[in-house]
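Computed from the coordinates by the stated procedures, all read-outs in this text should not be read as laboratory data. Treat the numbers as computed from the prediction; the structure is a model and nothing was measured. Cβ atoms come from the backbone with ideal geometry, glycine included; neighbour counts cover every protein chain shown.
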Amino acid sequence: MSQTTVWVSRETKERLAGMKRYPRETFDDVIRRLMNTAEDEEPLSAEAIRGIEESLEDIKAGRLYTLEEARAELQAVWDTE
């Protein structure tokens, strides 16, 4: 395996060192583990993407409730049951 030098701040190096699972774990292993954790192996479905897009449109159009409004509406429904 070839190697290269990567410049990071002292703070970043200290944080990476603190993430080692065992003393002899290499920084390469730590970085690879972090990258694997950050990757989403299951992409969003087309349906989920449509739902997100619709929600963003609702927000932009002002079709939303405050927490207080949602609570009041739910409380009104519960009180009538």
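List of remarks:
- Structure-derived Kirkwood radius over Cα pairs in Å - corresponding label in [x] 18.1; [y] 17.4; [z] 15.3: [x]
- Ranked for footprinting exposure by Cβ neighbours inside 10 Å, fewest first, Asp79, Asp29 give Asp79, Asp29.
- Each helix, a run of at least 4 DSSP H residues, gives -39500 (n - 2.57); summed and divided by the residues of the chain, these come to -19500 deg cm²/dmol at 222 nm.
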